[in-house]
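Participant: Quick one: the structure is below, and I'll ask about it shortly.
The values are calculated or read from the model by the stated rules, or taken from the named source; none is laboratory data. Remember, it's a predicted structure, so these values are computed and weren't measured experimentally. So basically every Cβ, Gly included, is an ideal-geometry build from the backbone, and we count neighbours across all protein chains shown.
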Amino acid sequence: MANSEASRLVLRNDVAELKRLAGWIEGFTEQRTSPDVSFALQLCLEEAVANIIMYGAARDDPLEIAVELERNGANLVARIEDNGRQFDPTRAPPPVPARSLEEAKVGDVGIHLIRSFATGMNYERRNGRNRLTLRFVEPPVAPAE
Amino acid sequence: MDISVDDLAGGITKVVLRGRFDTTGAVVVELPFNKIVTEKRKIIVDLSAVNFLASYGIRVLLVGAKIVKNNGGTLVILCPDSNVAKVLKTAGMDALIPLYQTEAAARAALAS
């Protein structure tokens, strides 16, 4: 296994692309990451890319969503770049816990899940593009007894 | 993603979901799931064979639980400890929908 590996995928803003994204991530993480990091990566990328697909464009304007994965030792970095409307998920307020099932609001948990499952999250707006960087760290392997 | 229904003793309906409960999977099961939660009153949603859960899946579960409650019934989730359970808890669902790790516990909760 090489110590540093990278891969890139370009998607359109179509919900059907999420299936392609999931298959691509699975291919990258297989043999390269622990099941927990693979799960966290799948979850965070699904949420981030689904948000862009659903809210990134006005009407049916086509968007380009580029996803890059880079593994370096125990660190995995995912970069998501899109040319949709400006949106900084790091500034989204945390959801307010509902007091009852009746009062619970449907939706609004995606960004909270990204915050909780990624080790780090950074946003930049550069040259008219959103650039979200997510970091994941493999937990240290427990020493054998 | 697959959905199947088992009628258990005591008027309990077990809805078994299998596969990836992501946006792609949720779109497939949303309609049949909504039909079940509209018709039944005591429901166990079995997520034991669900290996992935994202926010669209959570949305389907939450809407379902609201419909059942509104009809005077109860929906509970059967989900062994896993990353799927961690997603449910992180999203605050465990405070809104009863979550059980075994079928016996889920059935007992609906028997009363």
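Participant: Among the strands (runs of 3 or more DSSP E) confined wholly to the range B:1-63, which include 3 or more residues that are within 14 Å of chain A (Cβ to nearest Cβ)?
Facilitator: Because the criterion is at least 3 residues that are within 14 Å of chain A (Cβ to nearest Cβ), the strands (runs of 3 or more DSSP E) in the range B:1-63 that meet it are B:12-21, B:42-53.
Participant: While we're on this one: Name the single residue, out of those in the range A:77-103 being crowded, with 19+ Cβ neighbours inside 10 Å and over 12 Å from the mean Cα position of the chain (by Cα), that is farthest from A:PHE136 (Cα to Cα).
Facilitator: Only one residue fits best here, namely A:GLY84.
Rundown of residues vs (1) part of a helix (DSSP H, G or I); (2) more than 10 Å from every other protein chain (Cβ to nearest Cβ); (3) under 13 Å from the mean Cα position of the chain (by Cα), yes/no style:
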{"position": "A:ASP36", "(1), (2), (3)": "yes, no, no"}
{"position": "A:ALA40", "(1), (2), (3)": "yes, no, yes"}
{"position": "A:ALA48", "(1), (2), (3)": "yes, yes, yes"}
{"position": "A:ALA58", "(1), (2), (3)": "no, yes, no"}
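Participant: Scan the range B:96-112 for residues that are in a helix (DSSP H, G or I) and modelled with pLDDT under 95 and report the count.
Facilitator: The initial filter retains those residues of the range B:96-112 that are in a helix (DSSP H, G or I), namely B:103-111.
Applying the additional criterion that residues be modelled with pLDDT under 95 yields B:111.
Residues flagged as in a helix (DSSP H, G or I) and modelled with pLDDT under 95 within the range B:96-112 amount to 1.
Participant: Also, quick follow-up: With the requirement that a residue be in contact with a helix residue (DSSP H, G or I) (Cβ under 7 Å, 6 or more places away or on another chain) and either of a type outside the set (Val, Ile, Thr) or over 13 Å from B:LEU110 (Cβ atoms) (or both), what does the range B:9-19 give you?
Facilitator: B:GLY10, B:LEU17, B:GLY19
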